[in-house]
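All of the numbers you see were taken from the coordinates with simple rules; none came from a lab. Source: prediction; values computed, not measured. Glycine also receives a Cβ, built like all others from the backbone with ideal geometry; neighbour counts cover every protein chain displayed.
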Amino acid sequence: MKRRNFIKAGAVGLASPILLAGKKKMKVNKNNPIIVSTWLHGIPANEASIKVLKKNGSALDAVEAGVRVTEADAENQSVGLGGRPDSEGNVTLDACIMDSDGNAGSVAFLQNIKHPISVARKVMEKTDHVMLAGKGALKFALENGFKKENLLTEQSRKEWLEWKKDNTIKDSWGPNDDHDTITSLAQDNDGNLSGACTTSGLAYKLHGRVGDSPIIGAGMYVDNEVGAAGATGMGELVMKTCGSFLVVELMRQGYSAMEACNEAVDRIIKQEGGKTKLQVGYIALGKDGSIGYSSIQKGFQYALYKNGVNKLFDVKSLL
Ligand code: GLY
């Protein structure tokens, strides 16, 4: 037997029912747009996305329009304008975007630009690269018409000055934190999927720290044949498990969107020795329109637009 045939035969012989199920063609949800976004700020984000999808716009345009609302919201201290700064008082932003053709763009450690998600989209559409970081990302943004602005609001500056007094890091993204990165996943009338993820990252992080949000496959991932997934919470835990890619790959193998999110969260809990005070939440959207969500700690919420209703839901945590 030729080596390739042998491997094929062996794989079928050993495959679990789950792996075989993954070979089934997935039903495609069409003409029934769905948007799922992280946290309470997902509600207004979804509203903006709905407007795009109702005009028969693409999932890509929808997720970008949605998370731009969160980025522009000065009251929100975990994304874009008004985001909490790093330990040196700089607001540094991370974002990524991915479309239904598998194209991706991202920016990391970007400063002074209110809409990193739109810069990420430009990276995807105008360059052969996936990620631009720091000064290079800023230069690219300015060359592409984005305006430089101060993103540190008075509120975030005051809180940072308070934090600096004793230099202790607040238990950000622990069980009591009710906001964070926005990840938004959408399916348009054609059944195509896209995703966007944007954040100012961990409050008072070391200068130069980059989280999971601009990393394709960690903070967010889209495979238009299978589904899309996105993360929120402590990026280090997501990066170490390739979280969003893991969720999508589990879905490919036949896990439901929900089972895949639970398994990815469980993987983190196991890696952390069975307990952690940190928070990670996942959302997933299957090609068939199914939804998944899971989190380590209680408090995680997701906003779902489906069948004409945009609503916030609580997630039952695994710990
Ligand atoms: N999830 C966002 C971050 O860790 O920066």
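Binning all Cα-Cα separations of the chain at 10 Å, short to long from zero, yields these whole-percent fractions: 7, 28, 35, 21, 7, 2, 0, 0.
Against the chain, whose longest principal axis comes from its Cα atoms, helix 59-72 is set at around 30 degrees.
When you work out D = kT/(6 pi eta Rh) for segment 193-319 at 4 °C and 1.567 mPa s, using the Kirkwood radius from C-alpha pairs as Rh and the Stokes-Einstein form, the result is 89 µm²/s.
For a paramagnetic label modelled on residue 27 (point 7 Å from Cα along Cα→Cβ), amide N atoms under 17 Å away belong, within segment 260-297, to 285-292. Annotation for segment 29-136: trypsin sites (Lys or Arg not before Pro) lying in DSSP loop with at most 14 further Cβ atoms inside 10 Å of their Cβ are 30, 55.
For the peptides 266-278, 205-217, the ranking by packing is 205-217, 266-278, with the highest mean count of neighbouring Cβ atoms within 10 Å listed first. Derived value for segment 24-160: Kirkwood hydrodynamic radius 15.8 Å. Basis is the mean of 1/r over every pair of different alpha-carbon atoms. Subtracting the Cα-Cα distance of residue 150 and residue 258 from 0.36 nm times their residue separation leaves 34.9 nm of extension gain. Rounded to the nearest 20 debye, the dipole size of the chain about its Cα centre is 900 debye, using +1 on the Cβ of Lys and Arg and -1 on the Cβ of Asp and Glu. Compared with the dominant principal axis of the Cα atoms in the chain, helix 42-54 is inclined by about 60°. Where the alpha-carbon atoms of segment 126-255 are placed on the principal axes, they occupy 51, 41, 26 Å, in descending order. For segment 46-89, the equivalent ellipsoid built from the Cα gyration tensor has semi-axes of 28, 9, 5 Å, listed from largest to smallest. Looking at the P(r) of segment 201-245, how many percent of alpha-carbon pairs lie beyond 13 Å? Taking all Cα-Cα pairs of segment 201-245, the fraction more than 13 Å apart is 50 percent.
The lysines whose alpha-carbon is closer than 24 Å to the alpha-carbon of residue 277, local same-chain residues fewer than 8 away aside, are 164, 170, 205, 240, 298, 316.
To the nearest ten degrees, helix 116-126 and the longest principal axis of the Cα atoms of the chain are 60 degrees apart.
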